[in-house]
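Heads up: the structure comes next, in structure tokens.
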Amino acid sequence: MSLDVSPQLLAEAENGEVREQDFVETVRTSLPYAYDLVARLVTELRSGTGEFADNRTPPPSERERGQLLRALSSDAIRGSLERHFGVALAFQNCHRVAVFHPEARGGETHTRFTSLRSQILNQSPEFRDC
């Protein structure tokens, strides 16, 4: 799953720095499932009282799962999404994405969510091939 980079953005990258808002727009249009999922979780986080908001629903198809994996496995994409939305992202398996307030990174709840123990407890046989 690659980003659909416009000729203009490619030319900008070849000539120097890329504006992050242009990169985020490329992510939004190239990986719409991943972008929309993060946006929805950000809305839930900001409208609720919880320390984080997370997704536990598997993607509807392998295409969407691929988008999510691509977005969260790329440092550039993940970092841009975090800065764009003003959150810290955490990821446990094929679809369990969580958003935290940035200041929560390294705190008790974030550390528990990203711990080895939580990773192990969040496994099941259906996740082995995702």
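The values are calculated or read from the model by the stated rules, or taken from the named source; none is laboratory data. Remember, it's a predicted structure, so these values are computed and weren't measured experimentally. We place every Cβ from the backbone using ideal geometry, glycine too, and count neighbours over all the protein chains shown. Only protein heavy atoms, including side chains, enter the accessible area calculation; ligands, DNA and RNA are left aside. Shrake-Rupley method; radii C 1.70, N 1.55, O 1.52, S 1.80 Å.
The ellipsoid that matches the Cα gyration tensor of the chain has semi-axes, each √(5λ) in whole angstrom, of 27, 18, 13, with the longest given first. Counting only protein heavy atoms and using a 1.4 Å probe, what share of the accessible area of the chain belongs to carbon plus sulfur, as a whole percent? Roughly 50 percent of what the probe reaches on the chain is carbon or sulfur.
The phi-based Karplus calculation (6.51 cos²θ - 1.76 cosθ + 1.60; θ = phi - 60°) puts the 3J(HN,Hα) values of region 38-50 at 4, 4, 5, 5, 4, 4, 4, 4, 6, 8, x, 10, x Hz, whole numbers, x for Gly and Pro.
The residues of the chain expose, per residue, 60 Å² of accessible area to a 1.4 Å probe. With a simple spin-label model that places each label point 7 Å from the Cα along the Cα-to-Cβ direction, the separation between S6 and E44 comes to 3.2 nm. Each label was represented as a point 7 Å from its Cα along the Cα-to-Cβ direction; for R19 and D75 these points are 2.6 nm apart. Under the convention that each Lys and Arg Cβ holds +1 and each Asp and Glu Cβ holds -1, the size of the dipole of the chain around its Cα centre is about 500 debye.
The long axis of helix 62-73 is offset from the longest Cα principal axis of the chain by roughly 90 degrees.
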